[in-house]
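Worksheet for the structure shown next.
The values are calculated or read from the model by the stated rules, or taken from the named source; none is laboratory data. What you are looking at is a predicted structure, and each value in this text was computed from that prediction instead of being measured. Glycine also receives a Cβ, built like all others from the backbone with ideal geometry; neighbour counts cover every protein chain displayed.
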Amino acid sequence: MYGSILMTRIPGQILNDCHKSLEPSQLASIMSDIDSCLAVMRRYSSPWGSRICSVLGGRVHGARIVGGRNGPYPNSLAFNHDYIQYKQSQRWVHEPVEEVLGDAEVMNTLSANHRVVFTHGDLLPHNILIRDGRLAAILDWEFSGWFPEYWEYTEMQRFSPKYFWTQQVVALPSYKYAAELKASRAMWTLASDSFNFW
């Protein structure tokens, strides 16, 4: 299967480069625009059902995916179990997975009945272009695919809670994934040495 990519030059500035010069009202408008885009994206139905996969149904790619690229997975449970399988496959590991995860709450939280939605997968300030104090474009869709509904938000918070972006994400009207973020961070520790980026 072959595809094509149309690239267009869009005027604007990368949010990561100019956020300090924005007025609070401008940043609020940008975040509102992003929230609206996420709402539209999440209305799409996956042609692959409950499968966790790329846009075309294949392997997923991302900063927190075991090995950087893996899958596809038949469902969220298999997707999350991949972290445990990776940890258990490492001969040098001496601590039980249960000690890293704490208890069954992590898997229960991540395996809950989450919808599978279209996800950008790397929605961070270096991939957001703004112009005149508003969202102009979302860039770099390399990590996009069909993921559990919490994945976009947990990936958006993969840096320090003090980082300006993390603070903006938790203030989004659509944000409701604090438990999933806590559980995801525990899961990520199981395979962090396999990640392409931290």
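Here are some notes:
- Residue within the stretch 172-193 that is among the aromatic types (Phe, Trp, Tyr) and more than 20 Å from Val60 (Cα to Cα) present: yes
- Checked against (1) of a type in the set (Gly, Ala, Ser); (2) more than 16 Å from Ile65 (Cα to Cα); (3) modelled with pLDDT of 90 or more, Gly102 meets all criteria but (3).
- When Ser50 is tested against (1) closer than 13 Å to Ile130 by Cβ; (2) over 15 Å from the mean Cα position of the chain (by Cα), exactly one condition is not met: (1).
Yes/no matrix, rows are residues, columns are (1) in contact with an Asp or Glu (Cβ under 8 Å, 6 or more places away or on another chain); (2) at positive phi:
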| position | (1), (2) |
| --- | --- |
| Arg43 | no, no |
| Arg59 | no, no |
| Val66 | yes, no |
| Gly71 | yes, yes |
| Pro74 | no, no |
| Leu77 | no, no |
| His81 | no, no |
| Gln85 | no, no |
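- Test: Ser45 is crowded, with 16+ Cβ neighbours inside 10 Å, under 18 Å from Gly145 (Cα atoms) and polar (S, T, N, Q): no
- Within the stretch 146-191, considering residues that are hydrophobic (A, V, I, L, M, F, W, C) and surrounded by fewer than 17 Cβ atoms within 10 Å (Cβ to Cβ), the one modelled with the lowest pLDDT: Phe159
- Per the listing Leu6, Leu15, the residue uniquely over 19 Å from Arg115 (Cα atoms) and at pLDDT 95 or above is Leu15.
- Of all residues in the stretch 1-22, those that are at positive phi have Cβ atoms under 6 Å from Cβ atoms of residues that are surrounded by 13 or more Cβ atoms within 10 Å (Cβ to Cβ) and at pLDDT 75 or above, 6 or more apart or on another chain, in Gly12/Leu129; Gly12/Ile130; Gly12/Ala136.
- Within the stretch 113-170, restricting attention to residues that are of a type in the set (D, E, K, R) and in a helix (DSSP H, G or I), the residue that is farthest from Pro74 (Cα to Cα) is Glu155.
- If you filter the stretch 50-71 down to residues that are in contact (Cβ under 8 Å) with a residue 24 or more places away in the chain and basic (Lys, Arg), you find that the one that is surrounded by the fewest Cβ atoms within 10 Å (Cβ to Cβ) is Arg51.
- Candidates are the residues of the stretch 173-197 that are in a loop (DSSP other than H, G, I, E, B) and in contact (Cβ under 8 Å) with a residue 40 or more places away in the chain; the one that is farthest from Gln85 (Cα to Cα) is Pro173.
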